[in-house]
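Let me begin by presenting the structure, written as structure tokens, before commenting on it.
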Amino acid sequence: MQLDAHIPDGPIEKKWDEHRFHMKLVNPANKRKFHVIVVGTGLAGGAAAASMAELGYNVSAFCFQDSPRRAHSIAAQGGINAAKNYQNDGDSIYRLFYDTVKGGDFRAREANVYRLAQISVNIIDQCVAQGVPFAREYGGTLANRSFGGAQVSRTFYARGQTGQQLLLGAYQALERQIGLGKVKMFPRTEMLDVVLIDGKARGIITRNLITGKIESHVADAVVLATGGYGNVFFLSTNAKGSNTTAIWRAHRKGALFANPCYTQIHPTCIPVSGDYQSKLTLMSESLRNDGRIWVPLKKGDTRSPDKIPDSERDYYLERRYPSFGNLVPRDVASRNAKQVCDEGRGVGPGGLGVYLDFADAVKRLGEQGVRERYGNLFEMYERITGENPYQVPMRIYPAIHYTMGGLWVDYNLQSTIPGMFVGGEANFSDHGANRLGASALMQGLADGYFVLPSTIGNYLAQAKLDKADTAHAAFRDAEKEVRARTDKLTAGKKAGRSVDSFHRELGKIMWDRCGMARNAPGLQDALQKIPALREQFHAQVAVTGSGEELNQQLEKAGRVADFLELGELMCRDALQREESCGGHFREEYQTPEGEAQRNDDKFCYAAAWEWKGENQAQALHKEPLSFEHVHLTQRSYK
Ligand SMILES: Cc1cc2nc3c(=O)[nH]c(=O)nc-3n(C[C@H](O)[C@H](O)[C@H](O)COP(=O)(O)OP(=O)(O)OC[C@H]3O[C@@H](n4cnc5c(N)ncnc54)[C@H](O)[C@@H]3O)c2cc1C
């Protein structure tokens with residue numbers, strides 16, 4: 001298979017504008033003849049559904065929560081990047097582009113990243129017009145703060161609730177279209193398969209999560225904006241419901257899955273506290289603006305932090321990376337935290353923690369000043385740990401947070417299945433091997449508000465689609481497959497091993513073998529263990545109740561069954577990539593200083609995997625990446 005990213009010709013700064021000019025348009029009267037399915041109503045899907053409907057298309061939108069407002073996007077805390085240069089500190093579209101390509105360790109597509117940086121400025125205008133209450137300076141201009149991997153302040157924020165406020169903006173735009181009858185909303189509905197007719201995406205199969213009813217939905221194009229798959233690790237900062245099912249089912253139907261092993265470990269999460277924990281909590285990266293990260297200089301120093309004088313502390317990020325200090329990118333900060341803990345200098349129970357200390361910030365800004373910036377985050381920390389971070393340093397440790405991998409898409413965000421588009425965290429995105437903070441919201445909204453509405457129109461204007469309805473054999477066959485899978489899960493044991501116990505075991509294998517650090521023997525071990533665990537799962541998993549009712553055991557079981565397949569692909573991808581880059585750290589490939597060592601001669605490509613059938617290894621296809629503007633160099637934040 002030849003992968004064609006369809007990158008437009010011409011100078012990078014003109015590609016998107018010229019491409020839009022040359023795209024075919026659907027005239028306003030014809031738009032209402034087309035029907036588009038959007039699965040997922042988080043920031044990417046909510047924005048896409050509202051914008052497509054605003055243009056005049058008929059849209060059916062789906063989410064598994066009871067309301068689009070509960071999408072995982074609501075959890076986003078710290079902010080959203082945009083190259084507005086309001087601070088006059090040297091920012092520009094080019095600098096945001098440069099930082100993002102470099103931050104992604106040269107494993108993203110330059111043309112996409114440039115477009116993202118260009119659109120970033122429109123996103124802020126769009127959201128302000130919707131009434132999103134971004135933080136403002138005293139004089140009324142929008143405020144900014146800094147995030148990792150950048151030396152300018154370009155992050156727009158609404159306290160520690162940026163995702164929530166942005167989602168309310170997108171949700172209101174969506175509700176307006178629901179009210180106007182242009183969007184039909186299907187909450188509590190899970191997509192369980194995609195339907196292809198003549199090789200094109202023409203619909204989906206869903207299960208109504210309240211009644212259990214399996215249904216078919218037909219359309220002219222399908223958008224998947226179903227979020228990330230970090231929960232394959234069981235413990236992560238993602239919402240518990242986030243999963244891979246939609247994109248995994250599409251993968252099994254022919255959509256290539258790109259860079260599955262690229263996962264982001266976030267350095268500032270509340271450390272794991274025990275075996276029975278089922279969720280991890282993020283402390284926003286924005287805290288690194290004012291918090292200082294340190295561990296004791298001496299191994300095994302168990303004194304309380306206030307008893308350790310400054311001269312006996314190691315502010316290791318400030319020491320090793322004087323230019324970026326505590327604001328190095330996430331992969332670098334995470335690896336360094338692991339390293340100091342591995343050396344025996346970690347703090348807190350089990351020594352798996354480092355301090356994030358606000359004592360200097362409180363001295364400088366006063367407690368009220370710190371509260372104004374981060375009040376809700378401090379409150380959350382105190383509620384979870386019982387410690388007051390205004391008085392005692394926070395303890396943090398890296399945790400799984402985001403997935404840069406996802407379905408492969410071309411410049412138009414179209415997958416390898418014609419008519420199936422993918423947006424937000426669900427696609428393999430613009431972040432390469434490491435996403436910089438505050439850029440997921442930027443990408444999700446760029447995809448949803450600006451890219452998909454244009455590129456889907458271009459597809460529809462030329463697709464020459466035959467009329468199709470749900471009586472077509474392709475729908476009946478897909479429904480039958482979905483029913484068989486559901487029946488298989490509910491027909492098994494009613495007592496015995498729980499879905500969660502399998503999920504937890506898979507998560508441990510993934511974290512130990514394909515987590516913050518990876519090596520060939522570990523990955524090979526995981527590739528033995530995961531298929532065996534999958535076999536056990538299908539033989540032993542206990543799912544109570546039936547498929548014809550509200551059944552959360554069944555929902556989870558279906559998602560874990562897909563994680564058990566995806567986990568294997570992630571390890572295979574990590575094993576073949578014999579280099580370190582961004583969030584993919586192969587212990588065998590590191591510089592003498594312990595930094596990630598890329599191998600551009602052999603691995604300067606996006607890895608895209610093709611499904612080859614049950615229990616068969618996927619086939620690897622490579623999209624070569626070329627860097628004309630940001631030249632390939634060893635990343636340095638020193
Ligand atoms: C704690 C936390 C804080 C974060 N903070 C920031 C931040 O400050 N800045 C930043 O840029 N990024 C941040 N991120 C990342 C960012 O929040 C996400 O990457 C982004 O919100 C993903 O948006 P999305 O629209 O792609 O997916 P989601 O918001 O995850 O939405 C997925 C949607 O798909 C639906 N769905 C999924 N599967 C199915 C199915 N099979 N059938 C039907 N519907 C389905 C869901 O119901 C949901 O509506 C943070 C992430 C976390 C975990």
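Within the range 50-74, the residues that satisfy the criterion of being part of a helix (DSSP H, G or I) and either more than 10 Å from the ligand (Cβ to nearest atom) or of a type in the set (V, I, T) (or both) are A50, S51, M52, A53, E54, L55, I74. Within the range 560-578, identify whether any single residue is surrounded by fewer than 22 Cβ atoms within 10 Å (Cβ to Cβ) and in a loop (DSSP other than H, G, I, E, B), and answer yes or no. Yes - at least one qualifying residue is present in the range 560-578. Can you pull out every residue in the range 192-215 that is away from the ligand (no atom under 13 Å from the Cβ), of a type outside the set (A, V, I, L, M) and surrounded by fewer than 24 Cβ atoms within 10 Å (Cβ to Cβ)? D198, G199, K200, T211, G212, K213, listed by residue number.
Taken over the range 284-310, the residue count meeting the criterion of being under 36 Å from the mean Cα position of the chain (by Cα), basic (K, R) and over 30 Å from L441 (Cβ atoms) is 1.
Of everything listed in (1) at pLDDT 95 or above; (2) in a loop (DSSP other than H, G, I, E, B); (3) within 16 Å of the ligand (Cβ to nearest atom); (4) closer than 19 Å to E425 by Cα, the single unmet condition for Q77 is (1).
Residues V113, V128: which one is more than 25 Å from R159 (Cβ to Cβ) and aliphatic (A, V, I, L, M)? Don't jump to the end; show me each part of the working.
Numbers: V128 fails: more than 25 Å from R159 (Cβ to Cβ).
Of V113, V128, the one residue that is more than 25 Å from R159 (Cβ to Cβ) and aliphatic (A, V, I, L, M) is V113.
Selection of the range 225-247 for residues being out of contact with any Leu (no Cβ under 6 Å at 6 or more places or on another chain), in contact (Cβ under 8 Å) with a residue 40 or more places away in the chain and surrounded by fewer than 24 Cβ atoms within 10 Å (Cβ to Cβ) yields A239, G241, S242, T245. Taken over the range 159-191, the criterion of being surrounded by fewer than 24 Cβ atoms within 10 Å (Cβ to Cβ) and among the hydrophobic types (A, V, I, L, M, F, W, C) is satisfied by L168, A173, I178, L180, M185, F186.
Quick one: which of G545, G558 is among the small types (G, A, S), in the same structural domain as S501 (by TED's automatic domain parsing) and in contact with a strand residue (DSSP E or B) (Cβ under 8 Å, 6 or more places away or on another chain)? Give the steps one after another, and end with the answer.
Numbers: G545 fails: in contact with a strand residue (DSSP E or B) (Cβ under 8 Å, 6 or more places away or on another chain).
Result of the check over G545, G558: G558.
The values are calculated or read from the model by the stated rules, or taken from the named source; none is laboratory data. Computed from a predicted structure; not experimentally measured. Heads up, the Cβs are rebuilt from the backbone with ideal geometry, glycines too, and the neighbour counts pull from every protein chain shown.
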